[in-house]
């Protein structure tokens, strides 16, 4: 699904840039933002499920990635079916630290842009004001940087985890 969401995000971003009405353009940019963040969340879930099936990570790591509780029962740790949600950033940090040890969170621009993009998405999801005061150019810039940073981080992770990059058709969506 994450591939579809990346393509959807790009499609709606392109659609937004072709709108003559600013309100229509913002509408498409918002959809693009939501699709892009859904893409990286779906990607992390995909990776977590792949590790759960392969059993190649420690049970506590799998529980963390798949949002399951991991608790001691009679002196042994067990993964429960009950959910225990973890922040997307924490899961990404874990995967990056585990599979790309040379990644520098402070010096790699895509990480900071992703965090800013997530904050922007959160401000759209949980608005604090009645009116959308974000300028159209800001929507365009934030959306382009955000989608590109998501693709870049996914590519780093694919290379680190699976030993190969994202598919070319997805890398070609990166525009910033």
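The values are calculated or read from the model by the stated rules, or taken from the named source; none is laboratory data. All values reported here derive from a predicted model rather than from experimental measurement. Cβ: placed from backbone, ideal geometry, glycine included. Neighbour counts: every protein chain shown.
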>> Quick check on my filter: what residues within the range 91-105 are more than 13 Å from residue 156 (Cβ to Cβ) and more than 18 Å from the chain's Cα centre (by Cα)?
In response: none
> Does residue 113 fit the bill of being more than 25 Å from residue 66 (Cβ to Cβ), out of contact with any strand residue (DSSP E or B) (no Cβ under 9 Å at 6 or more places or on another chain) and in a helix (DSSP H, G or I)?
Replying inline: yes
> Taking residue 138 and the conditions (1) outside any loop (DSSP other than H, G, I, E, B); (2) over 15 Å from residue 89 (Cα atoms); (3) without any contact (Cβ under 8 Å) to a residue 24 or more places away in the chain; (4) under 15 Å from the mean Cα position of the chain (by Cα), which numbered condition does it fall short on, given that it satisfies the others?
Replying inline: (4)
> Among the residues of the range 91-110, which ones are surrounded by fewer than 16 Cβ atoms within 10 Å (Cβ to Cβ) and in a loop (DSSP other than H, G, I, E, B)?
Replying inline: 101, 102, 104, 105, 106, 107
> Which one of the conditions (1) farther than 17 Å from residue 173 by Cα; (2) in contact with a helix residue (DSSP H, G or I) (Cβ under 8 Å, 6 or more places away or on another chain) does residue 49 fail to meet, given that it meets all the rest?
Replying inline: (2)
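Do the conditions hold for residue 68, that is, is it over 26 Å from residue 152 (Cα atoms), touching a helix residue (DSSP H, G or I) at 6+ places or on another chain (Cβ under 8 Å) and free of Cβ contacts under 8 Å to residues at least 60 places away in the same chain?
Judged against the criteria, residue 68 is a match.
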>> Restricting to the range 81-90, and then to whatever is in a loop (DSSP other than H, G, I, E, B) and loosely packed, with under 10 Cβ neighbours inside 10 Å, can you tell me which residue is farthest from the chain's Cα centre (by Cα)?
In response: 85
>> Against the condition modelled with pLDDT of 95 or more and either part of a helix (DSSP H, G or I) or more than 18 Å from the chain's Cα centre (by Cα) (or both), how does residue 123 come out, does it pass?
In response: no
